[in-house]
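Everything on this sheet refers to the single structure shown next.
The values are calculated or read from the model by the stated rules, or taken from the named source; none is laboratory data. Remember, it's a predicted structure, so these values are computed and weren't measured experimentally. Here the Cβ positions follow ideal geometry from the backbone for every residue, glycine too, while neighbour counts run over all protein chains shown. Side chains are part of the model used for accessible areas, which takes the heavy atoms of the whole protein and leaves out ligands, DNA and RNA. Shrake-Rupley method; radii C 1.70, N 1.55, O 1.52, S 1.80 Å.
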Amino acid sequence: MASEEQLSAIKGAKVLMVGAGGIGCELLKTLALSGFQDIHIIDMDTIEVSNLNRQFLFRQSHVARDAVLRFRPNISIKPYHANVKESRFNVDFYKEFDVVLNGLDNLDARRHVNRLCLAADVPLVESGTTGFLGQVTVHLKGKTECYECQPKPAPKTYPVCTITSTPSKFVHCIVWAKDLLFAKLFGDKNLENDLNVRSSDATNLSEHSEDVFECRKGEDIEQYGRRIYDHVFGHNIEVALSNEETWKNRNKPRPIYSKDVFPDKLTKENGKTEKGSATDDVSAMASLGLKNPQDIWSLAENSRVFYESLRLFFSKRQKEIGNLTFDKDDQLAVEFVTAAANIRASSFGIPLRSLFEAKGIAGNIVHAVATTNAIIAGLIVIEAIKVLKKDSNNYRMTYCLEHPSKKLLLMPVEPYEPNKSCYVCSETPLSLEVNTHHSKLRDFVEKIVKAKLGMNFPVIMSGASIIYEVGEDLEEDMVAIYAANLEKALSELPSPVISGTVLTVEDLQQEFSCRINIKHREEFDEEKEPDGMLLSGWVEAPVDKNSNKPIGNGESTSSALSTEEIQEGEKDVEIQETSESAENVTGKKRKLSEVSKGTIPDHSGLPDESSRNQNQLEKLDVDDEDDELIISNDWESLTKKKRLTKGCNIGIQVSLNINVKLLTLIIRNNALWNMN
């Protein structure tokens, strides 16, 4: 039974939940059953049938709020069907709440919420799950580390030449189809792209300078589709084969042309489109009568899906072309990428994959386990109650293990102090090496300010001069000036940025700012430093070349895939070479594997059990359900911290007892709910 103090803290609390997916759905139910009266929810996603197996509040006609109010009609639940990064969710909005509970599924949104909670001085309880693994962490300004105190992972990267010329794994084909071909056909035409875009038509020399991906005058969609197919799967392969040195120790790929796989008249085969039978749900599979996403399509079937998805994009979603990015929840995009990757894989002799498997690799999907979500939701509520009671001595970061260690599946750890080297909560200056004569302001904004620092509405100042700003209230002449600045080299700006310049970069929405010391550098390694600039103080996790697994954070794919494919798809990927090492600014690494190795007295355990935990967990920083998994090895100084050992902290046993009682209640409530 909860004490009067607990009940008072719960009933009087105003709670903000961010995310109502796998974790969020369980969390909302647990909050309601625990007595919370005032709950606000931000979530932009709609319910998919594929989510129903792990989100018990949802039926096909439900939203989470309505489902909870059926059994707790007297509580207040205010939903916001919106993106958490919208301007209305500013610092003042966050200040209205006593605690913020995160159930997000991507790094960018997590960083955004972390910064707003710091600016508003509101406690944040973070969480994440992937498969049987999960974690809950508590973040309080000035008392514990913030979400960004420890370095987050560099996405898994591959050399450009591997992706464009010598793929050897299916994941290479997925990256090519998603980040090169899909982006070239449907994304921003102005972005750089490593696809060979030159025409193979030698009859007109002028055509060698044109972009083959541009639709020609008078060309219908069938002609366009055939030409694209022949170029990327035929001509480009022949170009690659012309370099005989490359194939001395490799199996040569075979060019594939449309005439070899397509019928004479495509529209008669693909959905009988001349009679307008394309489906309303804009799906190539539905149009072609392909029903099972776990079937592995033949080359001919993949070719038909490739053409049909291309046709549907141009006929049904024409207005979106030029602004599209790959989204794992976009069925047509997944179909196109799967088909393109399989055709390329066929050319290079790589085994083909089903749409189900391809989606898992392309979207970094780790299929969620409902029980893990329920456990993590219960732990979030436990920590939220401690925060509301200001019981800081008993705050815990708790990790859910897949295999027991000393008969424990839940591993509680005391929160860590703020990292003095954190550029977010400790305001430590960063340093940037860059060729100030060649790199443009646009490069700095896109590659550093947005991609690495996660700012959405940046203001960049050199001294007292503003050289770039984003905002809805800017006057047209200022917008034009800042747009012109983007195309200038850093040293050619009105306030020149040269070696020794200190830039101040702010995000007004996040109320976050940092200083960046500029150092001019003439040359960069194109493979290891593809951005042409190097940011220090912001640390990406290095990749272990031997294991091909991250030393920092990474993603995982569906357990339905083979071991090799899981390793291939476990991280989000970029097309570039990875730096072999990176400096750790904190100097305080943490590794849960040490718990498993038995170096902690009376708490870590059995070598046989722990070795499995070490291989599968290492440090968790995992994300909700099926997007980004963050798993890190960064736990090596765990023994230097205050550890929770058996019998050394009475509060742990109490906390674990509460966990058992609460989780028992969750399971019972799940059973009652499902009976209804």
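Yes or no: GLU301 open to solvent by 20 Å² or more (accessible area, probe 1.4 Å), of a type in the set (Asp, Glu), modelled with pLDDT of 85 or more and in the same structural domain as THR164 (by the TED database)? Explain how you work it out, then say what you get.
Values: open to solvent by 20 Å² or more (accessible area, probe 1.4 Å): yes; of a type in the set (Asp, Glu): yes; modelled with pLDDT of 85 or more: yes; in the same structural domain as THR164 (by the TED database): yes.
Taking the combined requirement at face value, the residue satisfies it.
Taking the range 210-220, which residues are open to solvent by 50 Å² or more (accessible area, probe 1.4 Å) and within 36 Å of the chain's Cα centre (by Cα)?
At the first step, the residues of the range 210-220 found to be open to solvent by 50 Å² or more (accessible area, probe 1.4 Å) are 210, 214-218, 220.
GLU210, GLU214, CYS215, listed by residue number.
Here are PHE71, PHE89, PHE36: which of them is surrounded by fewer than 15 Cβ atoms within 10 Å (Cβ to Cβ) and either modelled with pLDDT of 85 or more or closer than 23 Å to ILE375 by Cβ (or both)?
Going through PHE71, PHE89, PHE36 in turn, the sole match is PHE71.
Here's a check for you: in the range 84-128, which residue that is part of a helix (DSSP H, G or I) and among the β-branched types (Val, Ile, Thr) is farthest from the chain's Cα centre (by Cα)? Don't jump to the end; show me each part of the working.
First, the residues of the range 84-128 that are part of a helix (DSSP H, G or I): 91-94, 107-120.
With among the β-branched types (Val, Ile, Thr) added as a condition, the list becomes 91, 113.
Working: VAL91: 24, VAL113: 15 Å.
Here the residue is VAL91.
Can you tell me which condition TRP538 does not meet? The list is (1) more than 22 Å from the chain's Cα centre (by Cα); (2) under 16 Å from GLU433 (Cα atoms); (3) modelled with pLDDT of 50 or more, and all the others hold.
Status for TRP538: all satisfied but (1).
How many residues does the range 318-354 hold that are part of a helix (DSSP H, G or I), farther than 21 Å from GLU214 by Cα and open to solvent by 10 Å² or more (accessible area, probe 1.4 Å)?
2
Based on this model, can you work out whether SER421 counts as assigned by the TED database to the domain that holds THR137 and either farther than 18 Å from ALA374 by Cα or open to solvent by 50 Å² or more (accessible area, probe 1.4 Å) (or both)?
No.
Could you please give the count of residues in the range 405-418 that are open to solvent by less than 50 Å² (accessible area, probe 1.4 Å) and closer than 15 Å to THR372 by Cβ?
Matching residues across the range 405-418 total 2.
Give me the residue from the range 355-372 that is part of a helix (DSSP H, G or I) and touching a Phe, Trp or Tyr at 6+ places or on another chain (Cβ under 9 Å) and, out of that set, most open to solvent (accessible area, probe 1.4 Å).
For the range 355-372, the residue satisfying everything is THR371.
Yes/no matrix, rows are residues, columns are (1) modelled with pLDDT under 90; (2) outside the structural domain of GLU320 (by the TED database):
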{"position": "ARG250", "(1), (2)": "yes, no"}
{"position": "ILE256", "(1), (2)": "no, no"}
{"position": "THR273", "(1), (2)": "yes, yes"}
{"position": "MET285", "(1), (2)": "no, no"}
{"position": "ILE296", "(1), (2)": "no, no"}
{"position": "SER309", "(1), (2)": "no, no"}
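Does the range 495-526 hold any residues that are surrounded by fewer than 14 Cβ atoms within 10 Å (Cβ to Cβ) and not polar (S, T, N, Q), and which are they?
GLY500, GLU522, GLU523, ASP525, GLU526
Keeping to the range 129-147, report how many residues are assigned to a loop (DSSP other than H, G, I, E, B) and under 18 Å from HIS403 (Cα atoms).
Let us first name the residues in the range 129-147 that are assigned to a loop (DSSP other than H, G, I, E, B), namely 131-132, 140-147.
Right, trim to under 18 Å from HIS403 (Cα atoms) and you get 131-132.
Here the count works out to 2.
Listed residues GLU417, GLU433, GLU383; which is acidic (Asp, Glu), outside any helix (DSSP H, G or I), within 29 Å of ILE10 (Cα to Cα) and modelled with pLDDT of 90 or more?
Numbers: GLU433 fails: within 29 Å of ILE10 (Cα to Cα); GLU383 fails: outside any helix (DSSP H, G or I).
Result: GLU417 is the single residue among GLU417, GLU433, GLU383 that is acidic (Asp, Glu), outside any helix (DSSP H, G or I), within 29 Å of ILE10 (Cα to Cα) and modelled with pLDDT of 90 or more.
Let me spell it out: the conditions are (1) open to solvent by 40 Å² or more (accessible area, probe 1.4 Å); (2) at pLDDT 80 or above; (3) part of a helix (DSSP H, G or I); (4) more than 25 Å from GLU308 (Cβ to Cβ), and SER206 meets all of them except one. Which number is the exception?
It fails just one condition, (2).
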